[in-house]
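Enquirer: Quick one: structure below, then a few questions.
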Amino acid sequence: MALNGKVALVTGARQGLGKAIALGLANAGADVFIADRVIEDGKLDEVAKEIKALGHKSGTSGGDISVEADVVAMIKKATDELGKVDILVNNAGVTAPDRFSDIP
Ligand SMILES: NC(=O)c1ccc[n+]([C@@H]2O[C@H](COP(=O)([O-])OP(=O)(O)OC[C@H]3O[C@@H](n4cnc5c(N)ncnc54)[C@H](O)[C@@H]3O)[C@@H](O)[C@H]2O)c1
């Protein structure tokens, strides 16, 4: 799969599946903008560095995807910095407790 020239945006990308997806897309040739609601621990910036080390552009954004204004700001930053978004991976989320009915 060659993604040269494409721009991907991956949410929840500071660890776990989102990080793996972001690096997978970069390995396939894409520039990858990454977002997560947790930015203070520096892990999102580390993922951006790994993407750049693969020879691709990256950018980061904080914000909570359940807050519309945060999503609007995230998309604006991605398009301002990388020009467009071709691929959107809505990965951010939480693993459910044991029982679905326990989710508030
Ligand atoms: N790991 C699994 O076995 C598994 C199985 C099925 C589905 N999933 C889903 O895959 C996705 C990733 O799973 P994971 O195991 O890598 O999770 P993870 O908890 O390791 O990573 C999720 C990331 O998303 C971020 N995030 C969570 N809510 C957010 C929000 N509202 N706004 C912005 N960022 C937010 C977190 O800060 C975290 O960095 C989740 O949606 C999860 O429900 C995971």
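Enquirer: Would you pick out the residues in region 29-45 that are within 10 Å of Gly59 (Cα to Cα), surrounded by 15 or more Cβ atoms within 10 Å (Cβ to Cβ) and either without any contact (Cβ under 8 Å) to a residue 40 or more places away in the chain or β-branched (Val, Ile, Thr) (or both)?
Expert: Residues satisfying the conditions are Val32, Ile34, Leu44.
Enquirer: Related question: So if I check each of Ala26, Ala73, which one is buried (at least 16 other Cβ atoms within 10 Å of the Cβ) and in contact (Cβ under 8 Å) with a residue 12 or more places away in the chain?
Expert: Ala26
Enquirer: Does Glu81 satisfy the condition of being more than 16 Å from the ligand (Cβ to nearest atom) and either part of a helix (DSSP H, G or I) or closer than 22 Å to Thr95 by Cα (or both)?
Expert: Judged against the criteria, Glu81 is a match.
Matching residues to (1) closer than 15 Å to Ala78 by Cβ; (2) polar (S, T, N, Q); (3) away from the ligand (no atom under 13 Å from the Cβ); (4) in a helix (DSSP H, G or I):
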site: Ala2; (1), (2), (3), (4): no, no, yes, no
site: Gly5; (1), (2), (3), (4): no, no, yes, no
site: Ala8; (1), (2), (3), (4): yes, no, yes, no
site: Ala13; (1), (2), (3), (4): yes, no, no, no
site: Leu17; (1), (2), (3), (4): no, no, no, yes
site: Ala22; (1), (2), (3), (4): yes, no, no, yes
site: Gly29; (1), (2), (3), (4): no, no, yes, no
site: Val38; (1), (2), (3), (4): no, no, no, no
site: Asp41; (1), (2), (3), (4): no, no, no, no
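Enquirer: Only one of Lys49, Lys57 is at pLDDT 95 or above, more than 14 Å from Ala92 (Cβ to Cβ), touching a strand residue (DSSP E or B) at 6+ places or on another chain (Cβ under 9 Å) and exposed (fewer than 14 other Cβ atoms within 10 Å of the Cβ); which?
Expert: Lys49
The values are calculated or read from the model by the stated rules, or taken from the named source; none is laboratory data. Not measured: the values here are computed from a predicted model. As a convention, Cβ positions derive from the backbone with ideal geometry for all residues, glycine included, and neighbour counts pool all protein chains shown.
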